[in-house]
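Reading through the structure tokens given below for one structure.
Derivation of every value follows stated rules applied to the coordinates shown; laboratory data play no part. Computed from a predicted model, the values in this text were never measured in an experiment. In this analysis, Cβ positions are derived from the backbone assuming ideal geometry, glycine residues included, and neighbour counts consider all displayed protein chains.
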Amino acid sequence: MAVVEQLRDFLNVQAERARIYSAFEGAFVENLSGASPDSAFHRTCQGITTEFSRCSQKVREVEARLRSEDVGRADLADMLRRVQEQEREKLHLTAVHHVLRKSLRPSDRSRAQIASILPHRHVNAQQYSQQQAQPLEGQPQQQQQQQQEEEEGGGGRKRRFRGR
């Protein structure tokens, strides 16, 4: 096979990896939202692991063909090897990211605890837990609102603070 065909095969594998990542994220979001149970997500992860293994095997085959005497493109084979290493790292980081996102999601039990601790407040336990799970998203907007309130606090006049 010519070099171009080898590289085309590699690009097809990369497109397949992108599809797998999309399915992985979709399954994770469904699980995180409660739309699918943990057991279904676990089975999906097993299937995704198998698919990623197949992709890696295909790239190793392309790499071997590029290194062969017929093609003699060890430079390209080395590049594919580096891509493989980066893909392995990306998969690891994606899994870690999923674990961290899941750990930030409060359980039903913690929602009940929040509701029992804060019954006197007009705080919906689910809204509170969602805010706690995403503290960085709302923070800048809250700061902007506080700043606006401070500026409008003096009868519509802006308060200016000067360092003295």
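Extending 7 Å from Cα along the Cβ direction at Arg81 and again at Ser22 yields two label points whose distance is 3.2 nm.
As a ratio to 2.2 N^0.38 Å, the alpha-carbon radius of gyration computed for region 1-82 takes the value 1.41.
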